[in-house]
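The values are calculated or read from the model by the stated rules, or taken from the named source; none is laboratory data. Predicted model only: the values in this text are computed from it and were never measured. Every residue, glycine among them, receives a Cβ derived from its backbone with ideal geometry; neighbour counts consider all protein chains shown.
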Amino acid sequence: MSGTTVRRPDVAVTGLGLVTPAGVGVSDTWERVCRGEPTAASDPDLAGLPVDFSCRVRGLEGPKGFERGIGRASWRMGRFVKLAVLAAREAVRDAGLDPGTWDGARVAVVIGCGMGGTHKWEEQCRRLREQGPDLVSPAALPQIIPNMAAGEVSIDLRAHGPSLATSTACASGASALAVARDMLAVGSCDIAVAGGSEAAVSPLTTTAFHRMGALSTRTGDPAAASRPFAADRDGFVMAEGAGVLVLERADDAAARGRRPRALLAGCGTTSDAHHPTAPPDGAPGAEAALRCALRDAGLAPYDIDHVNAHGTSTPLNDATEAALITRALPHRPTVTASKGVLGHALGAAGAIEAALTVLTVEQRRVPPIANLEAPAVEFDIDCVTKQVRQQNVRAAVSSSFGFGGHNVVLVLKEA
């Protein structure tokens, strides 16, 4: 994926599925993101902690919530798995595909996940300590391990091709799309159901990120906490969600009469090999990933009209990313960052943001960055603020960066 100069066939995005704090489904998520309406709110599960708010998926709680959507198998699934199954089902429906009739041996599933069922880990540890081993759930492991999102999606969709889980921290969902594109290019599958899922909002995880200094501490005003590229940004907001895309070779989509929503034209992946959690000065690895993705897509920097930024709302990462955009894309393409609305869904974020970038390309609407009046004065980037901007976006990049030095940049362009 990194360093290659071989042009691969364009890959069509034919289906989208989203389950996010902004809504269950693509339409609800997209409209709230376009309104720039934050989703962060007080979280009862985090009561009493230094950071007691998050961005949660709503509308799936209660005795008939997930069960109504998923069925009897829901009992054995962790929350991150359920989110992935629901998003994958929507994406497949959107693509006009039927798991009951497709050749499942030619369908691959690649779902990224950074952490897995952290809440279940904590719950089952408490049971073991307080109630003894006989009260630990026999379903504990499949509810926890990160690969089960890919595993359960493949079961649900009767997809018998390769099934993989990518884990590159906050770049996991974007990594899944890059891997799926490679699999289509080499003929390992004809259809790839790919994306990311995460439900890691828990007392321990939230406290750990807080202790690192990564989280916003605006406990008095959670809705205003996530503010990418703002001068007074102070950290990200924990979130959950899932984003899944259906990918096919463009020629195959055309043969079945399906018009792509967009094309996944290029991918670039690199490693910083620098530090577990901090980017190096100048972000050379991130820049290399961007230039690799452009080269893979056969595009020049000036061909990019829009950037869906990683935009975590942390002081260091936003400054590093803004400088990268200015240096590598000096013509000032529009910039948005959906974490202002959605918070940071960790391993799912890259896939969710790729789906939103597809919608921007398709609908020619660039969502505003929530809680941002204007970018910090030292940032020379064209952030979209306050309201949707109408723009003909022919090609866009979606950037994702993760702990461990993982850099993934995707190029999406109009079909």
Task: Top-ranked residue in segment 376-403 [being under 20 Å from the mean Cα position of the chain (by Cα) and more than 21 Å from E31 (Cβ to Cβ); ranked as surrounded by the fewest Cβ atoms within 10 Å (Cβ to Cβ)] - done: F403
Open item on the list: Looking at V186 and the list (1) in contact (Cβ under 8 Å) with a residue 12 or more places away in the chain; (2) within 30 Å of G161 (Cβ to Cβ), which single condition is not satisfied?
Closed with: (1)
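Yes or no, residue by residue, for (1) surrounded by fewer than 24 Cβ atoms within 10 Å (Cβ to Cβ); (2) in a loop (DSSP other than H, G, I, E, B); (3) not basic (K, R):
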{"site": "G311", "(1), (2), (3)": "no, yes, yes"}
{"site": "L316", "(1), (2), (3)": "yes, no, yes"}
{"site": "A323", "(1), (2), (3)": "yes, no, yes"}
{"site": "V335", "(1), (2), (3)": "no, no, yes"}
{"site": "G340", "(1), (2), (3)": "no, no, yes"}
{"site": "A349", "(1), (2), (3)": "no, no, yes"}
{"site": "I352", "(1), (2), (3)": "no, no, yes"}
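Are any residues in segment 242-263 in a helix (DSSP H, G or I) and touching a helix residue (DSSP H, G or I) at 6+ places or on another chain (Cβ under 7 Å), and if so, which ones?
If the condition is that a residue be in a helix (DSSP H, G or I) and touching a helix residue (DSSP H, G or I) at 6+ places or on another chain (Cβ under 7 Å), then no residue fits.
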TODO: Can you confirm whether segment 216-225 contains a residue that is in a loop (DSSP other than H, G, I, E, B) and within 22 Å of the chain's Cα centre (by Cα)?
DONE: yes
TODO: Report yes if some residue within segment 277-291 is closer than 19 Å to F403 by Cβ and among the polar types (S, T, N, Q); otherwise report no.
DONE: yes
Open item on the list: If I filter segment 87-99 down to residues being touching a helix residue (DSSP H, G or I) at 6+ places or on another chain (Cβ under 7 Å) and buried (at least 24 other Cβ atoms within 10 Å of the Cβ), which single residue comes out as nearest to S197 (Cα to Cα)?
Closed with: A88
TODO: Would you confirm whether any residue within segment 359-373 is small (G, A, S) and within 21 Å of the chain's Cα centre (by Cα)?
DONE: yes
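Residues checked against (1) surrounded by fewer than 22 Cβ atoms within 10 Å (Cβ to Cβ); (2) modelled with pLDDT of 95 or more:
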{"site": "Q131", "(1), (2)": "yes, yes"}
{"site": "A139", "(1), (2)": "yes, no"}
{"site": "T168", "(1), (2)": "no, yes"}
{"site": "L184", "(1), (2)": "no, yes"}
- [ ] Check whether at least one residue in segment 335-351 is touching a His at 6+ places or on another chain (Cβ under 7 Å), in contact (Cβ under 8 Å) with a residue 12 or more places away in the chain and not assigned by TED's automatic domain parsing to the domain that holds P228, and report yes or no.
- [x] no
Open item on the list: Going residue by residue through segment 308-320, is there one that turns out to be at positive phi and among the polar types (S, T, N, Q)?
Closed with: yes
